[in-house]
1. In the list K180, K198, K218, which residue meets the criterion of being touching an Asp or Glu at 6+ places or on another chain (Cβ under 7 Å) and basic (K, R)?
2. Look through segment 17-41, keep the residues that are within 6 Å of ligand 1 (Cβ to nearest atom) and surrounded by fewer than 18 Cβ atoms within 10 Å (Cβ to Cβ), and return whichever of them is farthest from L67 (Cα to Cα).
3. Restricting to segment 53-77, and then to whatever is in a helix (DSSP H, G or I) and either within 9 Å of ligand 1 (Cβ to nearest atom) or free of Cβ contacts under 8 Å to residues at least 40 places away in the same chain (or both), can you tell me which residue is nearest to R284 (Cα to Cα)?
4. Would you point out which residue out of R80, R107 is away from ligand 1 (no atom under 16 Å from the Cβ) and among the basic types (K, R)?
5. Assess whether Y69 counts as being assigned by TED's automatic domain parsing to the domain that holds V340, touching a His at 6+ places or on another chain (Cβ under 9 Å), buried (at least 20 other Cβ atoms within 10 Å of the Cβ) and not basic (K, R).
6. Which number in (1) out of contact with any Cys (no Cβ under 6 Å at 6 or more places or on another chain); (2) in a loop (DSSP other than H, G, I, E, B) marks the one condition that W50 misses?
7. Quickly run through segment 275-293 and pick out the residues that are buried (at least 18 other Cβ atoms within 10 Å of the Cβ) and of a type in the set (A, V, I, L, M, F, W, C).
8. Determine whether segment 296-314 contains at least one residue that is modelled with pLDDT of 90 or more and in contact with a Cys (Cβ under 9 Å, 6 or more places away or on another chain).
Amino acid sequence: MSIKVNPKVIEELKEFGLKDAGQCYHCGNCTAVCPLSTPENSFPRKFQRWVQLGLEDKIKQSPDPWLCYYCGECSDNCPRGADPGETMMAMRRYLTASYDWTGFARRFYTSEVFEVVAVALVAAFIGVLFLIFGRWSEALAKPGIALNVFAPNKVIEILDLIMAAGLSFFLLSNVWRCIKIVHGQLMGKIPFKYYKDKFIDLLWNFITQWQFSKCHDKMQWAVHLLIMTGYSSVFLMVVVFLRWFQRDAVIDPEWPLVSAIMTLVGYYATAAILYGTTYALIGRIKKSKAPYKNSHGTDWMFLILLQLTTITGILVHVFIYLEWPLACYVIYMIHLMVAVPMLTLEVPFAKWAHLAYRPVVLYINEVKKAYLADHPQAAEQEEAPAEAEAAAEAA
Ligand code: SF4
Ligand code: SF4
């Protein structure tokens, strides 16, 4: 069996943040210490090898980069400074670009200028919309805060749903490509019962990030969990429950219980995101541990947009309390100028996309394992290319 080799893949991967994979001399320490590596899904040494050999197709088809949560233990234990944890991170960026049919993800990951300009253009577009269509004078003529006169939540909700439909289309079409790639030859051949049996695992993993909790650095898991749950809560409230979430008073007299619940969820999300992003930003500035030593432009953009969205959201809330209408409307406009580029660009094409890819790949991987355990013949066919590759490596 022939194996396609692309000797330029190492150079290409450097554009996605690959650092020192060429230094690896394959001692295997990294795979031995990795708490998430298993005999069926063994990493990260294998990827250092694949990168050196230029095995592009093997890299693109592997689910393993999504099984790594970047705890950094492998990089800390590498005697050659080959930073295998960063190799896995670069692989996730590379895979995100491979799944994306629009080419935007590749541009985001390989050009910081492109990413900054794209975010600035969307932000400017939202600002112009508010300057033209915001009901400034009407809202300022009302007593107290009239946020729903300035930017009626019914209008914002419709625009929100249009935006959600657009980003869902791009994200889900890319997730579908990811699903096909990870299934490989088994696409369409696994009975439904395997998907059903593993579905609870998918939800459990998504909500708790349980796999990550197996790493020794529990703080990384906690920070990841805080950011993920905080962001998901806000996403749900903004996209699905906006008409109750955007209010002129902290407790709406018409919906006291619902608005109290919304407020509490909002407080949790704010605290969780602020703590998580501040911890990660300080870690990246100080390069305090292996996962924070090499920061790609998209890592900064992700944290900065998330933190700015949260801080401006807090200020909107504070100005509602203080009843400062002009400050409230201006900061609300800025809040959306930050939040909309984050949602429309980061979610389908950049770092946020891993929120969808990781649980989906974990799920398919478990489904495949269960199916192959019951069907040894199919397992042999799956293993055949791997054996051919091993023989090629040995030769
Ligand atoms: S990356 Fe480092 S620890 Fe892993 S196999 Fe290569 S040299 Fe050894
Ligand atoms: S960063 Fe952690 S989870 Fe990822 S390969 Fe290294 S040791 Fe394993």
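The values are calculated or read from the model by the stated rules, or taken from the named source; none is laboratory data. Please read all numbers here as calculations on a predicted model, not as lab measurements. Note that each Cβ is placed from the backbone with ideal geometry, even for glycine, and that neighbours are counted across all protein chains shown.
1. K198
2. Here the residue is Y25.
3. S75
4. Matching residue, one of R80, R107: R107.
5. For Y69, the condition - assigned by TED's automatic domain parsing to the domain that holds V340, touching a His at 6+ places or on another chain (Cβ under 9 Å), buried (at least 20 other Cβ atoms within 10 Å of the Cβ) and not basic (K, R) - is not met.
6. (2)
7. Within segment 275-293, A280, L281, A290 meet the criteria.
8. No, there is no match, as no residue in segment 296-314 is modelled with pLDDT of 90 or more and in contact with a Cys (Cβ under 9 Å, 6 or more places away or on another chain).
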